[in-house]
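The structure appears right after this line, and notes come after that.
None of the figures in this text is laboratory data; all of them are computed from the coordinates on show. Note that the structure is a prediction, hence the values are computed from the model and not measured. Reconstructed Cβ throughout: ideal geometry from the backbone, glycine too, with neighbour counts over all protein chains shown.
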Amino acid sequence: EIKVFSAGANMQLLPCQQLGQLRPCTARSPPAVQCIPRHLISSQSSCQERPGFVTASTCRKQSKGSHQRTCKPTPRLASSIVSRATANDGAEPLPKGSVSVVLLAGGVGKRMGASIPKQYLPLHGRALATYSLQTFSNMPEVGEVVIVCDPSWKDIFDKAIFDVGAVVPKSMPIKWALPGAERQDSVYNGLQEVTGELVAIHDSARPLITPKDALRCFQDGWQCGAAVLGVMVKPTIKEVDSNGMVIKTLERSKLWEVQTPQVIRTALLKEGFEAVRSKNLAVTDDVSIVEALGKPVKITEGSYTNIKITTPDDLPMAAAFLEEQQKEAAQTRS
């Protein structure tokens, strides 16, 4: 997905329509980010989560009242790809547990040509989808994760949550939703289970998202209403007609390749879905729903390592990036 952004420090997304309705975005442009993350060890509540394939999570509370922040803190799981997330300069800290992550894992992945969906292919002995699940579930800003997947693949996530060497804290509420016919249908289904003020939609086929980049996108979404992680396009892009003839060369400085997570205020996304469904619009990504409302979207500069596994050639590249992250994490621990 390539998007055109306005010039200037704010890097604000230009909707295709109603440009005159754009309002200024107050978030500051993020500083340069490092591609290699650092190790993070923190704490979280010690509730025992026992999810089933239902529309709401169940939890054995160890203390009376809400389990969100009243349980006794316990050490959070260490991770080879979980890094120290740092805030944008001058950004307001996000309330703990304010972000609901919708992890999309219902795709088929036809271009991969594999016998199983690409998000379940092994990467260093683990399913791709479990890496981003691990990253988000160890961030204090995340209060719940909604996994959108076919029930036949639920056991992949159960291993990451319950088995020996589990990478998800037992205190993290896990919810489940069924995938839809199209991406926007899967997002809509996951949105019905969300309780946080902010929703972060992430493709599970992007296993190398770092907490540092995710946090910056969370903060931009919190301040502006909607934000998407992205990187500047490197190659020259040309617009062509149906006969393959060049119409013009696009200005590369205004082109950004968008990634995930795509972070939106929950109320705003629900409003956007109402508009999309009433007009029967088809959208290719999540912030396009916000664009349809004529609302601003902030670009958060991410990392080129946050690749989406789409073809067989992507797997060796992801493995190499992962090895670099693990080396950096090991050096930090030592």
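Some values worked out for this structure:
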read-out: Kirkwood hydrodynamic radius of the stretch 95-238, Cα pairs, Å; value: 15.7
read-out: Longest to shortest principal axis, alpha-carbon extents of the stretch 206-334, angstrom; value: 55, 43, 27
read-out: Rg/Rh (Cα only; Kirkwood hydrodynamic radius) as it applies to the stretch 262-334; value: 1.18
read-out: Charge dipole (the stretch 192-334, unit charges on Cβ, about Cα centre) - positive-most of Gln192, Leu229, Ser253; value: Ser253
read-out: Inverse mean reciprocal Cα-Cα distance (Kirkwood Rh) of the stretch 220-261, Å; value: 12.3
read-out: Among 277-287, 197-207, 292-302, 180-190, the order from most to least packed when residues are scored by Cβ within 10 Å on average; value: 197-207, 292-302, 180-190, 277-287
read-out: Three principal axis lengths of the stretch 134-195 [C-alpha, angstrom, descending]; value: 34, 28, 15
read-out: Relative compactness, the stretch 148-228, computed as alpha-carbon Rg over 2.2 N^0.38 Å; value: 1.21
read-out: Whole-Å semi-axes of the ellipsoid equivalent to the stretch 95-166 (Cα gyration tensor, √5λ, descending); value: 23, 14, 11
read-out: Cα-derived Rg to Rh of the stretch 184-255, Kirkwood definition; value: 1.11
read-out: Shape category assigned to the stretch 236-285 from the gyration tensor of Cα positions, a/c cut at 1.5; value: oblate
